[in-house]
Amino acid sequence: MSEKELLVRKIENGTVIDHIPAGFGLKVASLLNLEKTHSTSVILMNVESKKLGKKDVVKVENRELTEKEVSKIALIAPSATLNIIRDWEVVEKKQISLPEILEEVIKCPNKNCITNYEEINSKFIVEEKEPLKLRCYFCERVFTREEVTS
Amino acid sequence: MSFKGKDVISIRDFSKEEIEKILEEAEKMETSLAKNIELNYLKGKILANLFFEPSTRTRLSFASAMQKLGGSVIGFEDITSTSVAKGESLIDTIKTVEKYCDVIVIRHPREGSARLAAEISEKPVINAGDGANQHPTQTILDLYTIKKLKGRIKGLNVALVGDLKYGRVMKSLAYGLAMFEANLTLVSPVGLELPEQTIKEIVEKFDTEIIQTDNILSGLKNADVIYVCRIQKERFEDVYEAEKVQKSFRITSQMLEKTKEEAIILHALPKTVEIEPSIDKTKKAKYFDQVYYGIPVRMAIINLVRP
């Protein structure tokens, strides 16, 4: 895709999160707290895509994502790809994937789960990736993608 | 198969072989109890009974089991007299108590609390009920009771009757019975069914035959074991509706006549209105035997996990 088509300029350093299903770009941005950081960022919505028909793209300047952030994205946009940009070049391109165990990534939606009351990191076992089935390691409840991302 | 230091948090952590081993050990404990043999396996050891919510049977049953093994018991059942009332975290409570004891038994109103305690403590932790989640020792004693009274579990028709949605006992038990290849009939009022995810897990894991009904008579007809639990009024918005459901799910002596001759009735207790009091005297009522079996089973568990 040419720069002209993307409507925005290339970034020198940072991350491009591509192939986000259309409609989920804002959610990814909010998940990364982009509004609260100093990085310049752009959310492109409903971009034409051969793979997805329509897609969203999020560009974040001068920031590479942590493992925890990548896991968060994988929860809501499992089809997304990450492009790491250094000196105007894509130095790494990877498909986002969920780890077997998600630690510290999300809060347990079960209001009576002990992790919502004690100083302890949440922990989920990924029992199935598609459709997503997460089991809280502590309260043992099983949650769907909608339940953990809404 | 070693149990030393193992935590007992969820029935889902146990294999069938491990549960069979506990049942075998419980049998030995029961024999010792019957012969009045004094046991000293836990002499000099201390069990901490941490009850963050009320309990009669489970707390006393663990205390009795520990004392019958020659050990002693400390603990609390009323958090108003502890540092918890001052706002101490569960993590700090566990870090403190583990210095005083060799085994921790915990009941707590929040789901996942026993797992958290086990993560914190180096001493084995036994879950005596964490919110609506699990009550594994109750399940193991229920399996022991059924095996003792019916001679087997495999192939039996077991009807689970009452509020199957909110009770931790029924969720754990359905899993345990499925593991031991019983056929399950789930009898509950509409809206209080066993959670879909529990049913799905059981069917996928154990290929269990499950029948679901809200008709109590048809649910009980072919049952070898009728396991009843309370329907709590507070689960309903409408008190009139609650009383109507409680009434229609009450086991009466008339109903009992239509069940199999050799059927037995179990209940984790306390019971309120769900079983007609006159049934207590019938040969089918076995819930007080079930209470007794809690002792050898908990003796076996404590003895197996002791450090």
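The values are calculated or read from the model by the stated rules, or taken from the named source; none is laboratory data. This is a predicted model, so every value here is computed, not measured. Glycine gets a Cβ as well: all are built from the backbone with ideal geometry, and neighbour counts include every protein chain shown. What goes into the accessible areas is simple: the full protein's heavy atoms, side chains included, and nothing from ligands, DNA or RNA. Shrake-Rupley method; radii C 1.70, N 1.55, O 1.52, S 1.80 Å.
Kindly evaluate B:G87 against the criterion of being touching a strand residue (DSSP E or B) at 6+ places or on another chain (Cβ under 9 Å) and within 14 Å of chain A (Cβ to nearest Cβ).
Working: touching a strand residue (DSSP E or B) at 6+ places or on another chain (Cβ under 9 Å): no; within 14 Å of chain A (Cβ to nearest Cβ): yes.
The answer is no for B:G87.
Only a single item in (1) more than 30 Å from B:A174 (Cα to Cα); (2) in a helix (DSSP H, G or I) is not met by B:A118, and it is number (1).
Checking each residue in region A:62-103 for being of a type in the set (D, E) and within 14 Å of the chain's Cα centre (by Cα) picks out A:E64, A:E67, A:E69.
Of the residues screened, B:K95 is not one that is more than 14 Å from chain A (Cβ to nearest Cβ), open to solvent by 50 Å² or more (accessible area, probe 1.4 Å) and among the charged types (D, E, K, R). What's the number of the only condition in (1) at positive phi; (2) surrounded by fewer than 21 Cβ atoms within 10 Å (Cβ to Cβ) that B:E77 fails to meet? Of the numbered conditions (1) at positive phi; (2) surrounded by fewer than 21 Cβ atoms within 10 Å (Cβ to Cβ), the odd one out for B:E77 is (1).
Yes or no, residue by residue, for (1) β-branched (V, I, T); (2) under 30 Å from B:M1 (Cβ atoms); (3) touching a residue at least 60 places away in the same chain (Cβ under 8 Å):
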position	(1), (2), (3)
B:F236	no, no, no
B:V239	yes, no, no
B:E257	no, no, no
B:P270	no, no, yes
B:E274	no, no, yes
B:A285	no, no, no
B:P296	no, yes, yes
B:A300	no, yes, yes
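Look at (1) part of a loop (DSSP other than H, G, I, E, B); (2) over 12 Å from the mean Cα position of the chain (by Cα) and you find that B:Q134 fails only one, number (2). Taking the criterion of being assigned to a helix (DSSP H, G or I), in contact with a Pro (Cβ under 6 Å, 6 or more places away or on another chain) and within 14 Å of chain A (Cβ to nearest Cβ), the only residue of region B:1-52 that qualifies is B:I11. Taking A:V60 as the residue in question, decide whether it is part of a strand (DSSP E or B), away from every other protein chain (no Cβ under 14 Å), more than 30 Å from B:G87 (Cα to Cα) and open to solvent by less than 40 Å² (accessible area, probe 1.4 Å). So A:V60 passes the test.
Before we move on, is B:E88 more than 29 Å from B:D289 (Cβ to Cβ) and either open to solvent by 70 Å² or more (accessible area, probe 1.4 Å) or outside any strand (DSSP E or B) (or both)?
Values: more than 29 Å from B:D289 (Cβ to Cβ): yes; either open to solvent by 70 Å² or more (accessible area, probe 1.4 Å) or outside any strand (DSSP E or B) (or both): yes.
Against the criterion (more than 29 Å from B:D289 (Cβ to Cβ) and either open to solvent by 70 Å² or more (accessible area, probe 1.4 Å) or outside any strand (DSSP E or B) (or both)), B:E88 qualifies.
Of all residues in region B:182-191, those that are assigned to a loop (DSSP other than H, G, I, E, B) and touching a helix residue (DSSP H, G or I) at 6+ places or on another chain (Cβ under 7 Å) total 1.
Filtering A:K133, A:K59, A:K68 for residues that are closer than 26 Å to A:S39 by Cβ and touching an Asp or Glu at 6+ places or on another chain (Cβ under 8 Å) leaves a single hit, A:K68. Within region B:19-42, is there a residue that is open to solvent by less than 40 Å² (accessible area, probe 1.4 Å), at pLDDT 95 or above and in contact with a strand residue (DSSP E or B) (Cβ under 7 Å, 6 or more places away or on another chain)? So far as region B:19-42 goes, no, none of its residues is open to solvent by less than 40 Å² (accessible area, probe 1.4 Å), at pLDDT 95 or above and in contact with a strand residue (DSSP E or B) (Cβ under 7 Å, 6 or more places away or on another chain).
Residue pairs whose Cβ atoms lie under 8 Å apart, sitting 6 or more positions apart in sequence or on different chains, and linking a residue in region A:33-58 that is within 19 Å of A:N13 (Cβ to Cβ) and of a type outside the set (D, E) to a partner that is at pLDDT below 90 and open to solvent by 50 Å² or more (accessible area, probe 1.4 Å), are A:L44/A:L7. Note on region B:107-133: among residues that are away from every other protein chain (no Cβ under 11 Å) and touching a Phe, Trp or Tyr at 6+ places or on another chain (Cβ under 8 Å), the one that is most open to solvent (accessible area, probe 1.4 Å) is B:R107. Test B:V84 against the stated conditions and say whether it is more than 18 Å from the chain's Cα centre (by Cα), farther than 15 Å from B:V305 by Cβ and at pLDDT 95 or above. No; evaluated as a whole, the condition is false for this residue. The residues of region B:156-178 that are in a loop (DSSP other than H, G, I, E, B) and open to solvent by less than 40 Å² (accessible area, probe 1.4 Å), listed by number, are B:L156, B:G162, B:D163, B:L164, B:G167.
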